[in-house]
Every structure is written in C-alpha cells, then in structure tokens.
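The values are calculated or read from the model by the stated rules, or taken from the named source; none is laboratory data. Bear in mind that the values here come from a model prediction, so they are computed numbers and not experimental data. We place every Cβ from the backbone using ideal geometry, glycine too, and count neighbours over all the protein chains shown. Heavy atoms of the whole protein, side chains included, go into the accessibility calculation; ligands, DNA and RNA do not. Shrake-Rupley method; radii C 1.70, N 1.55, O 1.52, S 1.80 Å.
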Amino acid sequence: MTTKTANKTVIKVKGLRKSFGSHEILSGIELDVRQGEVVCIIGPSGSGKSTFLRCLNLLEEPSDGSIAINEEVIYPRKQSFSKNDMALRRIRSHVGMVFQQFNLWPHKTVLNNIIEAPLLVRGKDKKDAIVNAEQLLMKVGLKEKRDAYPTSLSGGQQQRVAIARALAMDPKIILFDEPTSALDPELVGEVLKVMKDLAAEGMTMVIVTHEMGFARDVADRILFMDQGVVEEEGSPLDIFSQPKSERLRQFLMSILDSAFI
Ligand SMILES: Nc1ncnc2c1ncn2[C@@H]1O[C@H](COP(=O)(O)OP(=O)(O)OP(=O)(O)O)[C@@H](O)[C@H]1O
Ligand SMILES: [Mg+2]
C-alpha cells in the first residue's frame, strides 16, 4: 500500500455526473486510482455503481465532469460521441472490462473469443495472438479448454475465459462489474482466486462487488456508493470496522442480515 501511494495516478475522475433524461444517476464522483491499486466499490442496488464503471471506459457518455486515464483526458472529448469510433476503441482497449454476464461469443471457441479483439482492434499477428491466448488460458487454469465452446463450460470457467479475453488486450486497468454475482456459490472462489493473482501481480483494478470478504482481503481502498455519490471511502478496516456514515452502517447491517437468512 505505501509503495502504491507513490505510484502515478492512472485514473483521475473529477465531478463526474451522469443523467438519464431528467434523472441524475451520478452526482459528482471524484476518484484517483494509483497504478497497481485495487479499489472495490460497494453499495446498494441502483446507487450507480455500474453506470460509474461504464463511464470510466466510455461505454456510457458522462453528462459532466472529467475523466483521465493514464494522464490522457478521455472526457470531455473534442469529437462528438459515436459509439464505435476508433478513438473510443483505442481507449477501451487500455481499460478492460469484465461483466457479470460473461458476454462471450457463443459461436466461437474459447481461443477465438480471446484472439478476436487483439486481431481486429490491435491488428496483432495471428500466431502471436494465439501464443498469447494460450499463455493466458494457462494463467486462468483453462489450458485444456482452448477449443471448447462457451456453452460447454461452467459459469466459473466462462468468467475465467472472459478475464483472459480482457487480459489479451494487455490493458493497463481492468474494471470488474460484479464478476461473481451470476455464479453458483461453489464457483465463486475460482474466479476470485484469478482476480487475487492479478492483484498480486500489480494489475490496477476497480471492482464492483458484493463479496465483502474478498473486498476486505484484496482491496487497498473501498468506496461506498449511495444515491450517485461516494458516501464514504477508506481502507477495508475503516469501512468494515469503523463505518462513519449512518447509510454505510445500515448497508453493512443489511448484508449481515441477508447472510444469515
Ligand atoms: N440506460 C439507462 N437508462 C435509464 N436509466 C438507467 C440506465 N442505466 C441505468 N439506469 C438507472 O440508473 C440507476 C443506477 O443504475 P446502476 O445499474 O448504475 O446501479 P447499480 O448500483 O449498478 O445497481 P446494482 O447493484 O443493482 O447492479 C438505476 O436507477 C437505473 O435504473
Ligand atoms: Mg450494477
């Protein structure tokens, strides 16, 4: 942690706002993430966690504020926003994203899912892309699934492929949006293990999660979001042992309650 605080800032968000119609979902978010930091975001359903992550790689267009990734201002932009322009693709290729629903291509093999973006977006050589994909499959423990189709895999395996696919673009940052929420409980651990390994290797990660044990063990910092703002922020110890705001206390109590139902 002490070494990470000296690292350069790789995500800088100032006064970020997002509205859908007249409904303001994000009401001025501030966030600085240092290289190698693991930041977990917790908070009640509808508080804007996914919308915030989606703004970070411009899957969603913010309404106001600014976002810089690796010191490059990606919002506001000079060009108008078109969903598929090359500049956006380039930005997203540095900011990997792993979703709750794995979003793998069902008609492509595991290997082809992983090499697709490096070939198309990065223009990588096919042989190199395949070698890299095989190494990534080894890393996530799925070497033998190279030629399988996603539907033949368990949810945990599919999510590990999705992580390998994100890594194939050699991202500087990976955003995870509840990566284990769609999984059967017995498959959660294998995905969290891969994420822990990435954290230990120094990957910068922003993770929306309901896995409080994981957040406590792996996060350098935890943000509690509520109603479109960061209501409280601190180390896992601060957040779980000494919550200051009443809303965070209530949220933690509600989680404890549901864990015993
Ligand atoms: N495309 C959209 N159009 C209109 N409203 C939206 C859109 N996307 C999200 N919202 C609204 O924004 C609010 C925040 O949604 P968001 O998905 O960011 O919350 P969340 O904190 O991720 O919740 P959860 O824990 O349930 O995933 C919700 O009220 C949601 O209905
Ligand atoms: Mg969400």
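The stretch between Lys193 and His107 holds 28.2 nm of extra length on full extension. This uses 0.36 nm per residue minus the Cα-Cα distance.
Here the Karplus curve 6.51 cos²θ - 1.76 cosθ + 1.60, taken at θ = phi - 60°, turns the phi angles of segment 104-118 into couplings of 7, 6, x, 8, 10, 5, 3, 4, 5, 4, 6, 8, 3, 5, x Hz, with x standing for Gly and Pro. Placing a label point 7 Å from the Cα of Lys4 along the Cα-to-Cβ direction, the residues of segment 218-232 whose backbone N falls under 12 Å of that point are 218-223. Once backbone amide H atoms are built at 1.01 Å from N, Arg221 has Val38, Cys40 as its partners under 5 Å, excluding neighbours fewer than 5 places away on the same chain. Sorting the segments 23-36, 203-216, 126-139 by their mean number of nearby beta carbons within 10 angstrom, highest to lowest, gives 203-216, 23-36, 126-139.
Shape analysis of segment 117-261 yields a ratio of the Cα radius of gyration to the Kirkwood radius, Rg/Rh, of 1.04. Per residue, segment 37-196 exposes 45 Å² of accessible surface when a 1.4 Å probe is rolled over the protein heavy atoms with every protein chain present. 3J(HN,Hα) along segment 234-243: x, 6, x, 4, 4, 5, 8, 9, 9, x Hz, from the Karplus curve 6.51 cos²θ - 1.76 cosθ + 1.60 with θ = phi - 60°, whole Hz, x for Gly and Pro. Multiplying the residue separation of Asp85 and Ala68 by 0.36 nm and subtracting their alpha-carbon distance yields 4.3 nm.
Entry for the chain at q = 0.11, 0.17 Å⁻¹: log10 I(q)/I(0) = -0.61, -1.42, Debye formula applied to identical alpha-carbon scatterers, no solvent contribution. Along segment 156-173 the Karplus relation, 6.51 cos²θ - 1.76 cosθ + 1.60 evaluated at θ = phi - 60°, assigns HN-Hα couplings of x, 5, 4, 5, 5, 5, 4, 5, 4, 5, 5, 5, 4, 8, 6, x, 7, 9 Hz to successive residues, with x for each Gly and Pro. Helical runs (DSSP H, four residues minimum) scored at -39500 (n - 2.57) apiece and divided by the length of the chain put the mean residue ellipticity at 222 nm at -11500 deg cm²/dmol.
Element breakdown for the chain at a 1.4 angstrom probe: carbon and sulfur atoms account for 51% of the accessible area.
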